[in-house]
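Asks: There's a structure below that I have some questions on.
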There are 4 protein chains.
Amino acid sequence: MPITPDQQAEIDAQRSEAHQTLRATSPGMEKHLYQAHEVLDHGLIRVIDYMGDDNAITQAARVSYGKGTKKVSNDTGLIRYLMRHWHSTPFEMCEVKFHVKLPVFVARQWIRHRTANVNEYSARYSILDREFYIPEPDQLAAQSTINNQGRGETLEGKEAQAVLDMLRDDATRSYDHYEEMLSDDGKKGLARELARMNLPANVYTQWYWKVDLHNLFHFLRLRADAHAQYEIRVYAEKMCEITADWVPAAYGAFEDYRLGGANLSAKGIDAIKRMIKGEDMDAEKAGMSAGEWRELLGVLG
Amino acid sequence: MPITPDQQAEIDAQRSEAHQTLRATSPGMEKHLYQAHEVLDHGLIRVIDYMGDDNAITQAARVSYGKGTKKVSNDTGLIRYLMRHWHSTPFEMCEVKFHVKLPVFVARQWIRHRTANVNEYSARYSILDREFYIPEPDQLAAQSTINNQGRGETLEGKEAQAVLDMLRDDATRSYDHYEEMLSDDGKKGLARELARMNLPANVYTQWYWKVDLHNLFHFLRLRADAHAQYEIRVYAEKMCEITADWVPAAYGAFEDYRLGGANLSAKGIDAIKRMIKGEDMDAEKAGMSAGEWRELLGVLG
Amino acid sequence: MPITPDQQAEIDAQRSEAHQTLRATSPGMEKHLYQAHEVLDHGLIRVIDYMGDDNAITQAARVSYGKGTKKVSNDTGLIRYLMRHWHSTPFEMCEVKFHVKLPVFVARQWIRHRTANVNEYSARYSILDREFYIPEPDQLAAQSTINNQGRGETLEGKEAQAVLDMLRDDATRSYDHYEEMLSDDGKKGLARELARMNLPANVYTQWYWKVDLHNLFHFLRLRADAHAQYEIRVYAEKMCEITADWVPAAYGAFEDYRLGGANLSAKGIDAIKRMIKGEDMDAEKAGMSAGEWRELLGVLG
Amino acid sequence: MPITPDQQAEIDAQRSEAHQTLRATSPGMEKHLYQAHEVLDHGLIRVIDYMGDDNAITQAARVSYGKGTKKVSNDTGLIRYLMRHWHSTPFEMCEVKFHVKLPVFVARQWIRHRTANVNEYSARYSILDREFYIPEPDQLAAQSTINNQGRGETLEGKEAQAVLDMLRDDATRSYDHYEEMLSDDGKKGLARELARMNLPANVYTQWYWKVDLHNLFHFLRLRADAHAQYEIRVYAEKMCEITADWVPAAYGAFEDYRLGGANLSAKGIDAIKRMIKGEDMDAEKAGMSAGEWRELLGVLG
């Protein structure tokens, strides 16, 4: 359980202090502020701050487009128009800051999204806690035999048990040794910046991560996708829920055009036109590789 | 006068609606929200939204540094430490959104700062207003004779009058023709995206500009500097005042370490060491070009 | 004619000095180096330098994917796979630097793409040349009556002539006055940073623009599109040709998946599925606005 | 030894194929191309490609400043001027691509520099090699007692031996188990994306890292600094040597103004002025904290 009573008391204290502001507020987001959403076995995600709401998007678009935009009669329609036509700058007018606790191997994927602001807990400066991600048995998946980057069936029985034992034992031993190296009880004690190298990639770290809504959507499109690794997807899915509460119109457009949408190639469009006309298509007729054709059928499936 | 009674009424309406929020608020910044600060003859700058306060900076730093930071006994000290050691990420945790009305030639300089979000009024989509920047007589400066990128003495008498007349007449005529080209009264009317090309660089545009505090400081260091062009500097100076009200501790550190500070080269440090020892230095002894030496004396002057 | 004999001589000199290098070279790009491609009436675009070729993309991807990528038997297939699945980082491994001469109103659109490096000719420091964009008669388009951001029919007869006269006369007079203000013949002479404000948006500027291939493709997708303004599209189209010569496999994938492709919403996919099954669809059945439906038919048209 | 004979043969092959190019070349950099510079016990850094040379910097600056720059009579002087006045865009015109093999905990620090392009070997897709960083005995430093983020004395005797044993044993065991989990010999075999979580932070990864010269200098200023962790500093120092060969004039200016230079606060400048006048200063008179005063003395020491 990631949240200790002390931490919960601190969250409650933060939530008890309401302030007056003249800024735009999002009632759906105020509900989430500071609250710890538990993710994985020791992870969490919390909203620490936010800027803007659905209205901030249309307000920015109306600066861009002046009086002309009155033709789009309502805000939801305008937001859908902006999303459909890849007008990204109005979505950049909203900003959100999360506090995230996550395993290091997830953090390493996450950080590849560069257009965000990050403050990570420093294991050079401070000592990490004894917390490691150990998958639930139903997430102990075999290597996919058809996709180098995917999971296949779930491990079972002795094999599953052996994996869990190795993960737990190695993490425990590594952390014991980490503490032993650091200890200056009767000895000098290794520098933190060196001792940390003994910790495995399932140790938990934490950070503040701040991003604008356009780049958050980009992150969510890739990481809430079925092809994303489960351990980052669960964070992305939680952020989807939060974002839906924060900016419902923008999230609705994102869901329709990005999460639920698809990109077709020129060849894909051509194939579809012929299918609509009743032609019986296959990969060869479409001029596609087997992979491309399978993916197109997946979209139409 | 840039603010019409209608606009002021709209601002008053925005300022009359207070909301409850659990987010951090900055009382100094709430005062500024939506208020129009007049800049130049028709320009303005307004705070539309903000995220975070001084405390958000130390909070982010404390995630980075964990318990270790308790050694820095107070927040101001920690903020000064972060600024001194170029720890930029905690300052990125604060964000601000401005509405700015500014001449196009100022906008062209401003936009070179790429790490910001921008929504500009589109002259492709909409029609620009008849508003042009005409300098005050005391800003009608001659080309500097020693600096290609600077101003010298102020123009006077007939020369000044001739310049003002040309600026006003050309702007007026260009705008008259802009309207005439656009007009579809008895004719087709030129496309807006083409007609705009007739407008001079002193026409006013406007945009929403959103930036994090670290990048704002970077902008202010360059644009509130004495070497910046006057017409952008007046915007930067107004933003300095606003930022001082928003995050007083961070702004204080910025003022001491950046605005009032200086970068010395290895040669400059060496020269200073010798001056402290009582040596009588000059450019040659310091191994500096005339320009470098003059700049060093400027720092020590 | 944008290229003077002196400039051509300089280009010829640059092209006459071949060097030995161990770096990857692209024969298709070597042909373009330094050559001036004329665009609009006084504009040009030249390749000044480049880094990488098609092979640099797959090389980077193979670092990412190690031995696993051997399954994709050839480079073109791998490049198509990367493009289809939005793996953008391998495309970032190629870089190109252009020298571009373009009207200021085009530069203002162009610069909104922030992920690039830019050095623009400074009208604060130097004096701009007397060169202005005046559209060809067949580009003198009326405002579109259905799209705020588009062009309609071509102006004709007296209206066209009046527009051309105004553009030419205003540009000439503004430039005459620019020179007069700058002149220090018997007077002080206005500072360049001020005098430039009298120049209209069709004056030509120039810059060095350096960008990686991923961001170049993003730029081209938006600016070589039929909805982009003609005056920027002609630059984008020229860059498409150059890029096709530089990295033919990557450009081929870009053409198929981006330029010729389309994004469908969840609603769009659903509508297509029903059309393939033979259902007779319309906007209402698809749950789409009139605009969305029109756009979907455009894709399938 | 990080370079196997096979790898060396591949490097030799790459170095044996010279091409003709019309691009700018840097003879100092050609020497480095593809060569493996060994760093730490199994790490390496190699230049894979580059764009531009010292001349590309002044060429870009001269586009910005036009004819005016002729006043700075030579290129080195212009480059020094640009560096001194924080004109960063001309330095962005050069680009370099490195292949780096480095421990994961070093990679995690490195990646915080966001303005670069990265392709990392994917442990989700492929299997990492059995290579771990084990410090040399003289780098086995104790935690600093005065600086949370630093190293103190070197560990000795039994304590040092115990640390080395733990690092080696834990890495070996973790990797044995990693292989065991992955193995599908008589069982399913855990997915690579999961098995990797058992590997410690001293395992080696590798990536292609591409960056422009301005951002490289920013990286080097922070990471070649005496306060940087030794394990990243050795990479930065090697890159300093390479960069000095690539762009000698720019590197010289960087060395003088950044690496060897210092930032003084307004208070620091004031204290120095008084010291030059012969006043005997201390922290209190300077209005500085003990830390600031110590740092100022460090600059002047």
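A short reminder: the numbers here are calculations on the coordinates, not readings from a lab. Here the structure is a predicted model, which means the values were calculated and not measured. Here Cβ is always computed from backbone atoms with ideal geometry, including for glycine, and neighbour counts include all displayed protein chains.
Asks: In degrees between 0 and 90, to the nearest 10, how far off the longest principal axis of chain C does helix C:213-223 point, with axes built from Cα atoms?
Replies: It works out to around 80 degrees.
Asks: Quote the relative contact order of chain B in percent (integer), defining contacts as alpha-carbon pairs under 8 Å separated by 6+ residues.
Replies: 21 percent
Asks: Continuing with this model, one more query. For residue A:13, go 7 angstrom from Cα along the Cα-to-Cβ vector, then report the distances to that same point in the other copies in nm, smallest first.
Replies: Output for residue A:13: 4.2, 6.4, 7.2 nm, nearest copy listed first.
Asks: Just which residue of chain D brings its Cβ nearest the axis of rotation onto chain A, and by how many angstrom, rounded whole?
Replies: Spelled out as residue then distance in Å, it is D:114, 2.
Asks: If you take the square roots of the eigenvalues of the alpha-carbon gyration tensor of the protein assembly as shown and sort them as a ≥ b ≥ c, do you get rounded (a/c under 1.5), prolate (a/b over b/c) or oblate?
Replies: Taking the square roots of the gyration eigenvalues as a ≥ b ≥ c, the protein assembly as shown is rounded.
Asks: In peptide D:48-54, what is the residue-averaged number of other protein chain Cβ atoms found within 10 Å of each Cβ?
Replies: 6
Asks: How well do other chains shield peptide D:224-237, expressed as the mean number of their Cβ atoms within 10 Å of each residue Cβ?
Replies: 1
Asks: What's the center-to-center distance, using Cα atoms, between segment C:103-166 and segment D:230-301 in Å?
Replies: Segment C:103-166 and segment D:230-301 have Cα centres separated by 49 Å.
Asks: Among D:23-32, C:220-229, A:88-97, how do they line up by average Cβ neighbours within 10 Å per residue, starting with the highest?
Replies: A:88-97, D:23-32, C:220-229
Asks: Once every DSSP H run of n ≥ 4 in chain D is given -39500 (n - 2.57) and the sum is divided by its residues, what mean residue ellipticity at 222 nm do you get, rounded to the nearest 500 deg cm²/dmol?
Replies: After summing the helix terms and dividing by the residues of chain D, the value is -13500 deg cm²/dmol.
Asks: Report, to the nearest 10°, how far helix D:157-182 tilts away from the longest principal axis of the Cα atoms in chain D, using its own Cα long axis and a range of 0 to 90°.
Replies: Long axis of D:157-182 versus the principal axis of chain D: about 60 degrees.
Asks: Is the C-alpha gyration tensor of chain A telling us rounded, prolate or oblate? Criteria: a/c under 1.5 is rounded; beyond that, a/b larger than b/c is prolate, otherwise oblate.
Replies: oblate
Asks: Residue D:299 to residue A:294: FRET efficiency via 1/(1 + (r/R0)^6), r the Cβ-Cβ distance, R0 51 Å, to the nearest 0.05?
Replies: 0.20
Asks: Counting other C-beta atoms within 10 Å, which of C:6, D:75 has the fewest, and how do the rest follow?
Replies: Fewest-to-most Cβ neighbours within 10 Å comes out as C:6, D:75.
Asks: I need the calculated FRET efficiency for the pair residue A:127 and residue D:154, taking r as the beta carbon distance and R₀ as 22 Å, to the nearest 0.05.
Replies: For R0 = 22 Å, the calculated efficiency reads 0.55.
Asks: Within 10 Å of each Cβ of B:112-118, how many other protein chain Cβ atoms are there on average?
Replies: Shielding by partners across B:112-118 averages 6.
Asks: Right, another one. Compute the acute angle (0 to 90°) between the alpha-carbon long axis of helix B:54-65 and the principal axis of greatest extent of the alpha-carbon atoms of chain B; round to the nearest 10°.
Replies: 50 degrees
Asks: I need C:122, B:16 ordered by Cβ neighbour count within 10 Å, fewest first.
Replies: Listing C:122, B:16 from fewest to most nearby Cβ atoms yields B:16, C:122.
Asks: Full-extension gain between residue D:136 and residue D:266, please, as 0.36 nm times their residue separation minus the C-alpha to C-alpha distance.
Replies: Gain in length upon complete extension: 42.5 nm.
Asks: What ranking, highest mean first, results for peptides D:143-149, B:165-171, D:274-280 when packing means the other Cβ atoms within 10 Å averaged over each residue?
Replies: B:165-171, D:143-149, D:274-280
Asks: Additional query: For label points placed 7 Å from Cα toward Cβ, what is the shortest-first list of nm distances from residue A:284 to its copies?
Replies: 4.5, 8.8, 9.4
Asks: How would you rank A:172, A:76, going from fewest to most other Cβ atoms within 10 Å of each one's own Cβ?
Replies: Final ranking by Cβ density, sparse to dense: A:172, A:76.
Asks: Taking the Cβ-Cβ separation of residue A:282 and residue B:85 as r and a Förster radius of 56 Å, what is the calculated FRET efficiency to the nearest 0.05?
Replies: Efficiency, from the Cβ-Cβ distance: 0.35.
Asks: Then there is this: Can you list the distances in nanometres, one decimal and ascending, from the residue A:76 label point to the identical position in each other copy, with the point 7 Å along Cα to Cβ?
Replies: Those label-point separations list as 4.7, 5.1, 6.9 nm.
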